[in-house]
Amino acid sequence: MGSTSHRLVFFVILFLIIQMGAMFPEYQAVFQDNQFLMESIHQVIATDLDNNSLPELIVTGKNYTTQEVFIYWLAVRQEYLPEIIWQSDNLFEERSVLWVCSGKFTANQNQLLAITNSRIYFYQSNKNDLVLTKQEAHNFSKILSVAGGDIDGDGQDELIIARIGKITNTFYNGMLQVWKLQAEEPILLAESGLLGNIRSLTAGDLNGDGKSEIVIDEGLRYASGNIHVFSWDENKLSEVNYLKKAASGAIYSMTIAGFQDETRLVTASPSGKVEFFAWKDNSLTPVVSGISYKNELVSVAVLNPTKANPPQIVVVGYPQSFQILNVNQ
C-alpha cells in the first residue's frame, strides 16, 4: 500500500511539473556577442527591406572615441549568425541621436528612414545594397523617439514622432505627432495633447483591423510607468487602452509582433526585464513569464513572427551586448 501511495505521489508531482513547464515559454540563446559591432548599440529593429521574407535587422550605434555613428543592415541566416549586408556612411551629428524606422512611407516597397536633429535620410533596397534616395533638412523638433506605421489603413506608412511638448523642472512632458511624407513637404496628420515623460514608442496592428495602433510608455526615471494605446478614429488620435504600472520597471524599448496565435507587445527595461503583453478583449494583458537579465536593456526586436516559424527575440544590453533567443511558445 505504501509503495502504491508513493508511486501515486510521484506521478502527481511529475504531472504538475510537466504542466508548469507547459505554462512558461522556453528561451534558448542561439547567438550572443558582448562586444557587438560598435562601442555602444542604441537601437535594433526587425525589417524586410528587400521583401524576400527572410529575417533582417537594422542596428544603430556609436563609436565615441572616433565620433562615428553607423547604421548596419544585417541578415540572420544559418546558425543564427548575423551577417552584415550593408553599412552606412558616418552619420555623426554633434549633440544628436540617430533614430531609425522602416515602412512604405513614399514608395511601394519598404524604406529605411534615419533621422538626426537636423536631417532626414531615405534609404531603399537595391540588390543587397541600401541606396540613399533622398536626404534633406527637416523641421521636426525636440524628438524623443520615432516609429513607422499605417495608422489610417491607406497602404502607406506614416512617420510617428514622440517629441517634447513642454519642459518642466523635473521632466520632459511629451506629445505625439503623426506625419504624412508623400507630399513634397511633410503634412501633419494628427497631434496629441501632453502625455507625460514619454520613454518609448512603437506602432503596429494590435487588433487585426489592418491599421496600426500607437503605443507609448510614460513615467518618471526608472520607475514603472503607464502604457497608452492610441488608434486613428474619425480623423483623430484616440486613446483606446491605458495600463497603469503594467511593466516591472521603465520601458526603454518596445515592439509589436505577431506570434503563433496572437499579436504581442514586447518590452525591454533598464532593470533587465523583457516582458510580453497580448491584445485580448480590446486591452493589453500581460502574458507568459518574462526574461530577466543582469544588465540594462536598451532595445528589443522580434524576428520570424509568423505561424510557420517560431519567433526569435533580439535583445540589446548596455553598452554593446547582442543576443538572439529562440522562443518556444
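The values are calculated or read from the model by the stated rules, or taken from the named source; none is laboratory data. The shown structure was predicted, so the numbers you read here are calculated from the model rather than taken from an experiment. Cβ coordinates were reconstructed from backbone atoms using ideal geometry, including for glycine residues, and neighbour counts include every protein chain displayed. Only protein heavy atoms, including side chains, enter the accessible area calculation; ligands, DNA and RNA are left aside. Shrake-Rupley method; radii C 1.70, N 1.55, O 1.52, S 1.80 Å.
Details
- Size estimate for the stretch 41-101 follows the Kirkwood approach: the inverse of mean 1/r over distinct Cα pairs works out to 12.4 Å.
- Heavy atoms of Lys236 accessible to a 1.4 Å probe, total area in Å² rounded to 10: 110 Å²
- Here the stretch 187-203 is scanned for amide nitrogen atoms under 11 Å from the site 7 Å beyond the Cα of Glu136 along Cα-to-Cβ, giving 187.
- Bins of 20 Å, starting at 0 and running to the largest distance - Cα pair percent for the chain: 31, 58, 9, 2, 0
- Accessible surface of the stretch 150-279, 1.4 Å probe, proportion on carbon and sulfur as whole %: 44 percent
- Volume per residue that the Cα convex hull of the stretch 84-172 spans, once the total is divided by residue count, Å³: 124 Å³
- Across the stretch 184-277, the volume of the C-alpha convex hull divided among the residues equals 125 Å³ per residue.
- Listed residue pairs exceeding 22 Å between alpha carbons, taken from Lys104/Lys180; Lys134/Lys211; Lys142/Lys211; Lys62/Lys245; Lys127/Lys180: Lys134/Lys211; Lys142/Lys211; Lys62/Lys245; Lys127/Lys180
- Unit Cα scatterers, Debye sum, the stretch 126-214: log10 I(q)/I(0) for q = 0.21, 0.25 Å⁻¹: -1.08, -1.25
- Packing-based ranking of 212-219, 130-137 yields 212-219, 130-137, ordered from highest to lowest mean Cβ neighbour count within 10 Å.
- Inter-part distance where the stretch 31-85 and the stretch 184-227 are each reduced to a Cα centre, Å: 25 Å
- Normalised by the number of residues in the chain, the average gap of Cα pairs under 8 Å and 6 or more apart makes the relative contact order 15 percent.
- Between helix 2-23 and the chain there is an angle of about 10 degrees, using the helix long axis and the longest principal axis of the Cα atoms.
- With protein chains left intact and a 1.4 Å probe, residues in the stretch 36-107 average 46 Å² of accessible area per residue.
- Here, the stretch 214-320 is characterised by an Rg to Rh ratio of 0.98, where Rg is the alpha-carbon radius of gyration and Rh the Kirkwood radius.
- Over the stretch 66-214, the hull volume per residue, using the convex hull of the C-alpha atoms, is 159 Å³.
- Measuring r between the beta carbons of Ala29 and Lys280 and using R0 = 22 Å, the FRET efficiency lands at 0.15.
- Net +/- balance of residues flanking Asp50 in space, Cβ distance below 9 Å, scoring K and R +1, D and E -1: -1
- Spin-label pair Leu54-Asp154: with each label point 7 Å from Cα along the Cα-Cβ axis, the two points sit 3.5 nm from one another.
- With the helix formula -39500 (n - 2.57) applied to DSSP H stretches of n ≥ 4, the chain reaches a computed 222 nm mean residue ellipticity of -2500 deg cm²/dmol.
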